[in-house]
1. Please list, ordered by chain and number, the residues whose modelled amide H lies under 5 Å from the amide H of V423; skip anything fewer than 5 residues away on the same chain.
2. For the range 369-379, in order, what is each residue's ³J(HN,Hα) by Karplus, 6.51 cos²θ - 1.76 cosθ + 1.60 with θ = phi - 60°, in whole Hz (x at glycine and Pro)?
3. Relative contact order for the range 421-582 using alpha-carbon pairs under 8 Å, separation at least 6, rounded to a whole percent?
4. Would you mind working out the magnitude of the charge dipole of the range 421-582 relative to its Cα centre, with +1 at each Lys and Arg C-beta and -1 at each Asp and Glu C-beta, to the nearest 20 Debye?
5. Going by C-beta contacts inside 10 Å, put K99, K323 in order with the fewest on the left.
6. For each pair in K99/K456; K99/K501; K439/K477, compute the distance between the two Cα atoms and list the pairs where it is over 32 Å.
7. Can you put E539, E551, E497 in order, fewest other beta carbons within 10 Å first?
8. Can you list the HN-Hα couplings for the range 561-566, worked out from phi with the Karplus curve (6.51, -1.76, 1.60; θ = phi - 60°), rounded to whole Hz and with x for Gly and Pro?
Amino acid sequence: MAHAGQELLIKDALVFLLAAGLVVPILRALKLPAVVGFILAGLALGPSGFSAFSDQVPILEYVTISDPAAAAPFAELGVLFLLFLLGLELSFQKLWALKRTVFGAGMVQAILSACLIGYGLTLLGLPATEAAIIALALALSSTAIVMQILVEQKRAASPVGRSALGVLLFQDILVAPILIFVGFTASRGETDLATVLAQATLNGLAALAVIFLIGRYLLRHLFRLAINAGGRDFLMAITLLTVVGASIITYNAGLSLALGAFLAGLLLGETEFKHQTEIDLEPFKGLLLGLFFLTVGLAIDLTVVIDNWQIVLGGLAALLLIKAIIAFAAIRIFSGNRAVSIETASLLAPAGEFAFVILGAGVAAGSIVSGNATIATAVVALSMLIIAGSWRFGRWLARALSVPEADAPPPVDASASEGHVIVAGFGRVGRAVAHILEKEQAEIVGLDTNPSTVAKQRVTGRQVYFGDGSREDVLQKAGLAHASMVVVTLDDEISAELMVKAARQRRPDMPILARARDADHAQLLYKAGASFVIPDAIEAGLQMSARALEEMGYDNESVRTLIASERETEYLMANENIKTSVD
């Protein structure tokens, strides 16, 4: 017969499964991210939610979590997997590809944000160590929600997506050193803060050395042995052994369990077993992470939040303002134009999921007062709730403020040209268009905002000039008044839309061809005045179909005929559908 404690545990487990299986999907249908859904579910099902009314409505006791502390060990396991998957995603290749954004904009954003927030907290009377930990937690942004928004909106590969990813990567790198620092504050006093920072740095460097040695000389061989011995079952066992074993080692060394899991992810991420591990862990990841974020919601004491609502709302406003300004300046300097910087800053201004991990570690270490942690947790949760809204506002603001910049040099005067084609954007697509048109003796005047691209094309003898095509004076210098056509191949959606609009205002009767990423982008381009829009997705599908037909044995002539017919049909249908939706 089950004991009362066991019955309580079973009931709480059922409530969690109810939240994961029903409540969170409903919130997702309302366009809320899963992370936010679990936090809200935990808030509603915890002591500060429906449980507060269980005396008046006894049935509520059966749909709420009675013992939040019982879920703590499972939530800790969720944290381990969160940090393990973070380490698994990081790679030296990814960091090097985005090095300017990661180690330029990312470093400036994270360090300046933490310094300003920490200084503000000390002015409010918090001790230096506590202020430092809370500031470091709040300086981080939400990798999970930001990247989910960008992927859903097909913006992950755009300049905004690359800028956000670069900054987030640097923030992710900071998680491990921050956890090391928090661990050391458990045994250090306020007067020894500089020593704590120095020792945390030394331990971080030592950890990197250990990662390199074990990853290079041992781990890969162990996984190969597991594969040869028994396939995926043994692979899962060795993966769990790696995660738990590394966590126990770091814990016994006086560091956090989560740090060990992060190091294990870094180790495994450098092997050929990375992707298989991600696939094997996928069924467990969602539930374990969900349990962690559910416990975050359970830990939010609404009474404390309500009693300190002015501090919470004031802290939220200050957080968004400070991080948005710093993120905008950092990205503007290192990696993006004004519109990209504004939109990216709107995504990075709210706090992120790792703040909960750091704040929890600070409370466990005795370095953060529980009441202050509750207020900080509430600020983090509220900021994460509004990420989607802040991004929409940032995108609108980026379009509204995308005016000509005074310091952008105009191209060399081509206003005397007549009958030429203006090609805006001389990347891969723009060069292909120019190459084909030049074969037919068309005169091309190119515009691009990348000085390196302009220099390379001018060496070949092409009339390619540095300039922003959304500026009327630049278009005038490019000979828009007498051009026969404008072709817009820009990668950045906002820049492409602004260029089409500017060209249409000057030449209402001229053909304007534009490249779109997807149907939504195509609608915006048509509204801006494009004559014909070509979505990238159509051409990708046609190319894949052509290759599939060749593999099926079709001759080249038949393939070309079929694809040409299908291309005409696809473009006709796509443009009619888009124009109809625009009208």
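1. Those lying under 5 Å, H to H, from V423 are V445, G446, L447, V487.
2. With the stated coefficients, the range 369-379 comes to 5, 4, x, 5, 5, 5, 5, 5, 4, 5, 4 Hz.
3. 17
4. On the way: 19 positive and 24 negative charges, 142 e Å.
Around 680 debye, computed over the range 421-582.
5. Fewest-to-most Cβ neighbours within 10 Å comes out as K99, K323.
6. The answer is K99/K501.
7. Working: E539 15, E551 8, E497 24.
Ascending number of Cβ neighbours within 10 Å: E551, E539, E497.
8. Each residue of the range 561-566 in turn: 5, 5, 5, 4, 5, 5 Hz.
Readers should treat all values here as calculations from the given coordinates under stated rules, not as data from a laboratory. Since we're looking at a predicted model, the values are computed, not measured. All Cβ positions, glycine included, derive from the backbone under ideal geometry; neighbour counts span all protein chains shown.
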